[in-house]
Every structure is written in C-alpha cells, then in structure tokens.
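Peer 1: Please see the structure below; I have some questions.
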Amino acid sequence: MKEKNKDIGINDVLKEVRTYIHNEENIQIVEHAANYASEKHAGQFRRSGEPYLVHLINVAYILATLKCGPKTVAAGFLHDVIEDCGISRDELCEEFDEEIADIVEAVTKIGTLRFKGKDDPEYQAANHRKIFIAMAKDVRVILVKLCDRLHNMRTLQYQPEASQKRIAAETLDVYAPIAHRLGISAIKNELEDLCFYYLNREEYHHIASLVEAKKTERDAAVSHMISEITEMLNENHLQFRIFGRSKHLYSIYNKMIKKHKRFDQILDLLAIRIVTQSELNCYEILGYIHAKYKPIPGRLKDYIAMPKPNMYQSLHTTIIGDDGKIFEVQIRTEEMDSIAENGVAAHWRYKEGSNYNPKIEQKQIEEKLGWFKNFALYSEEESASESASEYMATLQHDVFEANVYVMTPMGRVIDLPSGATPIDFAYRVHTDVGHTCVGAVVNGVMVPLNTELHTGDVIEIKTRKGTEPSEDWLQFVKTNQARNKIRNFLQKKETEKRSELVDLGEKLLREELIKRGFDAKEYMDKKHLEAIYHDFQVGTYVDFMYGIAVKSINPTVVTEKLTRQKARVTDFEEQAISRITNRDISKKANTKTGIIVPGIESMRMSIAQCCLPVYGDEIKGFITKGEGVKVHRAMCPNIHSANARLIDVMWDAGDPTRTYDSEIVITARDRAFLVTDILTVISQFKAPIDKINADVNHELLISTLKLTVRVHDVEHLNTLIANIRKVESVVDVDRGFH
C-alpha cells in the first residue's frame, strides 16, 4: 500500500493551518508545539528508519486538513511526549496550558495499560474501553487518536507480519467503527481498505482486479450519465456540482460476503453524487431525475428528513439508465457533503473568534449525536461494573452494529441493532423506562413487547410505577445494554430475596432449638454449623440457612445433628424425625428423583421435562391425572395458573452422587471453533452432555445451541452458565423452558 503525505514537513502543517486560522497567537501555539516536539523527540527513529518527528508531523497535518482547532493540532504534535520523552503532565501545563496537557495525557493513557501482554484479549479490551471513556469526556482525544492510527496504518508495511495482522484487526474492530459513528467517512474508508489489505491480501487484490477490469467501461457509463443529468439540470437553471465516486474495496467485499452477492450484482458500483445549494434544491433534483429515469422500488432513502445518528444527511436513489445500467445517485447540499466526509470534525471545525469552549462543544456534540449522549452515559454507568471484555462486547453490538433507526414521539432518533424490540428501545431511552415498561405503541398501534422494530418506526413506551422487569424479557431482547440492566435488576432482587430467606432460615432454626430446650445462641454459632454442612450437601452458611427457609433442609434434623441427643418430642414429631433420618425401604423407593413430599411415605414422583429442576431450585409438585406428582421449578410458566393442584415438595439431602438433567440455550455470534470452545468449558466443569442441537441463522450469523447437561445442583449449573458466558462471541446463556 502506498504511504500518503510522506514528504510533508512542519511548514506544510502551518500552511494548512493558515487556510482557516488567521490569529497569529493561535498559529504560534501550533508552531511552538511543532518545535517542542522536534526538540524532545530528537534522536528517536521509527522502524522505517525515519525520524520519529515524521509521524508527529503527519498526525498534525491530518488534524489540520480536518480543520481542527489550534490546541488539537498542537496535541497532534505532542501526543507522544509523555510516553516517549518522559515529559510530565505538569511540565506540559507549564509549557502550554491545561487544555493541551489534558488531551495529550488522555491520548497517552489509552495506550499505557499493562496486562499479560499485548496479545492478551483482556489487555486489548481494557485498552479499548479506555478509548471510549476518554472519547465520552472529550471528543478531541479520539480525533487525535484516529489520526495517529491512520498514519500508523499508512506505514504498517514496516511492522512484522504478526504485528500487521494484530494492528489491522484492532483497527477494523475499534477505530474504523468509531470513525463511522462520528461520521468521518474519509478516515473510515481509508482505514477499512488498509485493514482489508493486511488481513486478506488475496481477496483485496481479487476485488481490486475486478474493479480495474471494469474501470474503462464503468467510467464511460458514469461520464455519459453525468452529461445527461447535467444537461437536464442546466435546462432547469439549478446550481450544482456533479461527479462520479468510487466505492472503496472493503465496502464491496463486505456487501459480497454479508449479502451473498456477486460482484456484478452490487448496484452502487456505478455511483454519482450531486451537490447543490439547499434542501429544496435536493428534492427538486430528485424529482427531475425520477421523471426522466425509472427508479428501482424500495431503494429511495431520505436521510435529509431523517438523518443518521452520525449526522449524515443525503438523498439516495437507485435508477436505471437508458442503456439498462443501474446507478446509485446521492443528492445533498455543500454542508451535508462536508459533514458526510468529515463528520463531527466538519460540524465543529475551528471558527476564528468564536470563543471556543470545549465543554460547550462536548455538550453540543451530545445534542447533535443522539447515540453519543447515550454512549457517554453508558460509559460512565457501566464501565466500572463490567469487565473490559463485557463492556467492549456491548459497545460492539449495541453501538457499532446499530443499523435500525427509530424515533420517540418527540422526534428523537435512537439507533438499535437489527431485531431490537420495544424493550431494547425503552432501556436505551432510560433505565427506569425499561424497568417500568408495561406496553408499547408502534406507529400508533399497541404491539407485543417482543415485536421487531424497523427503521422509521415511531415508538411510545407505556410505563407503570411499581412494575418490575420480567425474566421472560431475556428471551427476546437484542441489546446487551437491556439484557445487562434486566439481569442486574433480577440479581439484585434475588439477592434481597435470598437475604430475607436466610433471615427466615435462622428464625426457623432458632425457634426449633428453643422449642426443644436448647440455648439457641450456643448452637447457632457458625463453628457448630460448619461441622454438619457436609451432611446436607452445602458449603456455606448462606446456603445452609437458605435451604432451611425453602424447606429443602429440615430444622428438626439439623437440631438432632447439632445437639446429638434426643429432645422431648411428641409421637408425631418422633415419627416425622424417623421418616427423615432413617433410610428405610419405603423412602428409598420414593426418592429416586431426590425429592420427597413432607409427611407422605409413598407417592409416585417424576421430574417435569418442561423445566428440568435441579437440586437447590425452588420447586413445586403438580398433581397429574394418572402420572402421580410432576415436580416443576417454582417459576415454571406451565404451572402458574394451577394453584389448586400444587403441593409442597422438598429436596432430599441424601445422595451427593446424584445428577440432574438441565437444558441450557446458548446464543452466540457465529465463528470458527465456537462449539469446540463451548464444549471445552463444559468438560472443564465436569457436566456430561446428553444431547446437543445447533442452529445457525446465516443471514444474521447468529448460532443457537441447545444442550442437555447433567449437573449435581443449581450451584454447579450456575457456575457452568457463568463460565460459558465468558466464551468469546457468546451473547447469552439461559436455562430452557418447553
């Protein structure tokens, strides 16, 4: 790949800066930064053998072409002095000012985390999280980092091949999507093509050869169409610029792969752009073009009336020329064209004498970029509570892959990933809106909460105070943000409930001890209790008391084991104790399932296959007609309306070798060796697999795996699920219901 801007110098940067900055004091800031960097980096060289200053000049030059302010361009010259020259932030403050020092320090911190090594996934994820948190605080930091990465990619040929692939993969996963979300398509397109070249040279050269082979024919067709449109618009006295544009190679490759199309099926290879004076002119031109040429149905997109979340505005239409060739035509104003190329950098380009204030600018960015405000809040709320890899997975799916644009009734645009539902929308609006959601109105019609949303939908969320999220929502929400919010709420609720049950267990055991004439304080001592945990297959005080509260551990038996002597009991209590403590023949016959019915010696029992409870689950017995008692998880939807036929059942604390079947459903982004990695985790946690079924949605590249595994108890199962969630590209893991 040919390196760009290789021979520019400090004077070229100053010349570019002078095209939009005229205040001499501001120009001196840039010049001083250039000279300071030249002095501090003297004697340092890159892998190419060039002085390190060449890199800094190129970064500053790219920032200047984006019309960034003098302090941002200065930060481009200085962005490596802290890391490479031992300059402290305080020294930079004294030499320049606090603002420049803050930008340089933030850029430096992005790349100075220390983990096992640069190839460690957690290192990469943690580093990327730093990028986004820094961006959420000051967008100028990411502009400097983007330009830094762009020049590094332009000179990647000097790195070893392994480093080339690692850096290119990171750039494609992190930096190109940032450039896209900020609307800086010029940088995004170049980064993607450079990454494509280093990651898949064979395909790169293949696509390039296809493009080159058709270049003469394509250029002739575009030139002919431009002449026809120019003549037509001149006749109608419109002011405009018109030109052909090239599709970048990675975009062509991506469409061929994701949409399963051949090269000659990609409609916008023949592309024309028309830039005019006003929005009204845009619609006028569209009308004239549709009057002369036949438009292809479903291909008209009005991003002027409904801009993309990165501020992109344009009219897109696809037409058939007189010779049958297909053209994509984009129509926009000069301002729209500038924003389309340079995004946030164009909208907030430096304006002389405008009393620039970075905090005001950051607030304006959040107002203009709807997703950025949500992203900034998300970074602040979630970054500390999630692991770096979980945080990155959420941003990758919820922010970078968002391509469905919906609106609130007030016209606020919210972007969501494909397949998103009203619940995803509600949580994107606000956590409390999600938690209290009871219904959704889409385009004026009440719809189920699992309805798939589409671009252009207007959504109104109905809420009710006191309402709580449902665990069922986890079955259909698509954004990690919504899923994490729901899980956190349910886990907090479960923790609170468990705490209440632990208190109840203590109360029941205390009452039992007192009733039998023992000193509850003495026998409730944790040292006494720890000595008998193994008799009840529990390992902690919390699990022990929880078991007593949910009746899977009998306080009478506990009292017997604690005191090791008989208390005065009634004949009925003696019989109850005997039933529980003696392993008589009738009990063995009744507890094949590991479950007993308190007070009943003989009853036909079996595990319900719809929810497959395991030891430690809260359970209920359902009296069937002719099949005895079916034991369900208490939360099983199949028994919710059958209160009259439910009875209390409890786990037998007997056989530690017993295992239970449980179905788990895994949703993951499809990739090579996905199933192998999941099976490895399951094997590590000693959960034999009885059945496995895998299904792949080739359009969305999503895999769904259903497995039946054998586990000892709910703790074993929850540990297994938690570790499967850590497998790369796994989106969700849940227990199955039928």
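The values are calculated or read from the model by the stated rules, or taken from the named source; none is laboratory data. This is a predicted model, so every value here is computed, not measured. As a convention, Cβ positions derive from the backbone with ideal geometry for all residues, glycine included, and neighbour counts pool all protein chains shown.
Peer 1: If you take the residues in region 421-448 that are assigned to a helix (DSSP H, G or I) and among the small types (Gly, Ala, Ser), which one is farthest from ASN488 (Cα to Cα)?
Peer 2: From region 421-448, those assigned to a helix (DSSP H, G or I) are 422-429, 431-435; that's our starting set.
If we keep only those that are among the small types (Gly, Ala, Ser) as well, we get 426, 434.
Details: ALA426: 16, GLY434: 13 Å.
My answer is ALA426.
Peer 1: Would you point out the residue of region 516-534, among those that are in contact (Cβ under 8 Å) with a residue 40 or more places away in the chain and either loosely packed, with under 14 Cβ neighbours inside 10 Å or among the hydroxyl-bearing types (Ser, Thr, Tyr) (or both), that is nearest to VAL550 (Cα to Cα)?
Peer 2: Going through region 516-534, the residues in contact (Cβ under 8 Å) with a residue 40 or more places away in the chain turn out to be 516-518, 523.
Going one step further and asking which of them are either loosely packed, with under 14 Cβ neighbours inside 10 Å or among the hydroxyl-bearing types (Ser, Thr, Tyr) (or both), we end up with 517, 523.
Details: GLY517: 24, TYR523: 21 Å.
Per the criteria, the residue is TYR523.
Peer 1: Also: Looking only at residues in region 29-52 that are modelled with pLDDT of 90 or more, surrounded by 13 or more Cβ atoms within 10 Å (Cβ to Cβ) and of a type in the set (S, T, N, Q), which one is farthest from TYR198 (Cα to Cα)?
Peer 2: The selected residue is SER38.
Peer 1: Select from region 453-468 the residues that are within 22 Å of the chain's Cα centre (by Cα) and modelled with pLDDT under 90 and write down the one among them that is surrounded by the most Cβ atoms within 10 Å (Cβ to Cβ).
Peer 2: THR455
Peer 1: Give all pairs with beta carbons closer than 7 Å in which a residue from region 37-61 that is without any contact (Cβ under 8 Å) to a residue 24 or more places away in the chain meets a residue that is surrounded by 21 or more Cβ atoms within 10 Å (Cβ to Cβ) and assigned to a helix (DSSP H, G or I); count only pairs at least 6 apart in sequence or on separate chains.
Peer 2: LEU53/ALA37
Peer 1: Return the only residue of ASN5, ASN11, ASN58 being at pLDDT 90 or above and closer than 30 Å to ARG201 by Cβ.
Peer 2: ASN58 is the lone residue from the list that is at pLDDT 90 or above and closer than 30 Å to ARG201 by Cβ.
Peer 1: Listed residues GLN277, GLN239; which is closer than 18 Å to GLU341 by Cα and either among the polar types (S, T, N, Q) or under 34 Å from the mean Cα position of the chain (by Cα) (or both)?
Peer 2: GLN277
Peer 1: If you go through region 649-666 one residue at a time, do you hit one that is more than 30 Å from HIS534 (Cβ to Cβ) and either among the β-branched types (Val, Ile, Thr) or modelled with pLDDT of 85 or more (or both)?
Peer 2: The answer is yes; a qualifying residue exists.
Peer 1: May I pose another question? Which pairs have Cβ atoms under 9 Å, sit 6 or more apart or on different chains, and link a residue in region 9-25 that is under 12 Å from LEU63 (Cα atoms) and free of Cβ contacts under 8 Å to residues at least 60 places away in the same chain to one that is surrounded by 11 or more Cβ atoms within 10 Å (Cβ to Cβ) and of a type in the set (Ser, Thr, Tyr)?
Peer 2: GLU16/TYR61; GLU16/THR65
Peer 1: Exactly one condition in (1) closer than 24 Å to ALA608 by Cα; (2) of a type in the set (A, V, I, L, M); (3) free of Cβ contacts under 8 Å to residues at least 24 places away in the same chain; (4) surrounded by 14 or more Cβ atoms within 10 Å (Cβ to Cβ) is not met by VAL733; state its number.
Peer 2: Against the list (1) closer than 24 Å to ALA608 by Cα; (2) of a type in the set (A, V, I, L, M); (3) free of Cβ contacts under 8 Å to residues at least 24 places away in the same chain; (4) surrounded by 14 or more Cβ atoms within 10 Å (Cβ to Cβ), VAL733 comes up short only on (3).
Peer 1: Looking at region 535-549, which of the residues that are of a type in the set (Val, Ile, Thr) and outside any loop (DSSP other than H, G, I, E, B) is surrounded by the most Cβ atoms within 10 Å (Cβ to Cβ)?
Peer 2: Applying the filter and picking the extreme gives ILE548.
Peer 1: Only one residue in SER552, SER499 is under 28 Å from VAL631 (Cα atoms) and assigned to a loop (DSSP other than H, G, I, E, B), so which one is that?
Peer 2: SER552
Peer 1: Do we have any residue at all in region 586-598 that's modelled with pLDDT of 85 or more and either surrounded by fewer than 16 Cβ atoms within 10 Å (Cβ to Cβ) or within 37 Å of the chain's Cα centre (by Cα) (or both)?
Peer 2: No, there is no match, as no residue in region 586-598 is modelled with pLDDT of 85 or more and either surrounded by fewer than 16 Cβ atoms within 10 Å (Cβ to Cβ) or within 37 Å of the chain's Cα centre (by Cα) (or both).
Peer 1: Are any of the residues in region 267-277 exposed (fewer than 13 other Cβ atoms within 10 Å of the Cβ) and either without any contact (Cβ under 8 Å) to a residue 24 or more places away in the chain or acidic (Asp, Glu) (or both)?
Peer 2: no
Peer 1: Please state which one of PRO160, PRO121 is at pLDDT 90 or above, over 19 Å from GLU83 (Cβ atoms) and of a type outside the set (Ser, Thr, Tyr).
Peer 2: Only one candidate passes the filter, namely PRO160.
Peer 1: Here is a follow-up. Say we look at region 320-334 and pick out the residues that are at pLDDT below 90 and either out of contact with any strand residue (DSSP E or B) (no Cβ under 8 Å at 6 or more places or on another chain) or not in a strand (DSSP E or B) (or both); which of these is surrounded by the fewest Cβ atoms within 10 Å (Cβ to Cβ)?
Peer 2: Here the answer is GLY324.
Peer 1: Would you call ILE167 in contact (Cβ under 8 Å) with a residue 12 or more places away in the chain, in a helix (DSSP H, G or I) and more than 17 Å from LEU249 (Cβ to Cβ)?
Peer 2: The answer is yes for ILE167.
Peer 1: Then there's this: Residues ILE514, ILE486: which one is among the aliphatic types (A, V, I, L, M), assigned to a helix (DSSP H, G or I) and within 22 Å of the chain's Cα centre (by Cα)?
Peer 2: Working: ILE514 fails: within 22 Å of the chain's Cα centre (by Cα).
That would be ILE486, the only listed residue that is among the aliphatic types (A, V, I, L, M), assigned to a helix (DSSP H, G or I) and within 22 Å of the chain's Cα centre (by Cα).
Peer 1: Report every pair of residues separated by at least 6 positions or lying on different chains whose Cβ atoms are under 6 Å apart, first residue within region 85-98 and touching a residue at least 24 places away in the same chain (Cβ under 8 Å), second hydrophobic (A, V, I, L, M, F, W, C) and in a helix (DSSP H, G or I).
Peer 2: Pairs that qualify, where the first residue is touching a residue at least 24 places away in the same chain (Cβ under 8 Å) and the partner is hydrophobic (A, V, I, L, M, F, W, C) and in a helix (DSSP H, G or I), are ILE87/VAL81.
Peer 1: Just name the residue that is modelled with the highest pLDDT out of those in region 705-736 that are over 26 Å from PHE544 (Cβ atoms) and not in a strand (DSSP E or B).
Peer 2: So, considering only residues that are over 26 Å from PHE544 (Cβ atoms) and not in a strand (DSSP E or B), the one modelled with the highest pLDDT is ILE724.
Peer 1: Considering SER223, SER251, SER246, which residue is touching an Asp or Glu at 6+ places or on another chain (Cβ under 8 Å) and within 23 Å of ILE331 (Cα to Cα)?
Peer 2: SER251
Peer 1: Would you pick out the residues in region 484-515 that are buried (at least 18 other Cβ atoms within 10 Å of the Cβ) and modelled with pLDDT under 85?
Peer 2: Correct list: ASN484 only.
Peer 1: Something else: Applying the selection to region 229-250, what residues are assigned to a strand (DSSP E or B) and crowded, with 16+ Cβ neighbours inside 10 Å?
Peer 2: Residues satisfying the conditions are PHE240, ILE242, GLY244.
Peer 1: Among the candidates TYR204, TYR288, TYR198, single out the residue that is more than 29 Å from GLN164 (Cα to Cα), surrounded by 14 or more Cβ atoms within 10 Å (Cβ to Cβ) and touching a residue at least 12 places away in the same chain (Cβ under 8 Å). Before you say what the answer is, go through the steps one by one.
Peer 2: Values: TYR204 fails: more than 29 Å from GLN164 (Cα to Cα); TYR198 fails: more than 29 Å from GLN164 (Cα to Cα).
Unique residue meeting the criteria: TYR288.
Peer 1: So, in region 424-441, exactly how many residues are closer than 27 Å to LYS301 by Cβ and crowded, with 18+ Cβ neighbours inside 10 Å?
Peer 2: Within region 424-441, the subset closer than 27 Å to LYS301 by Cβ is 424-426, 428-429, 440-441.
Then keep just the ones that are crowded, with 18+ Cβ neighbours inside 10 Å; that gives 424-426, 428, 440.
Adding up the residues that qualify gives 5.
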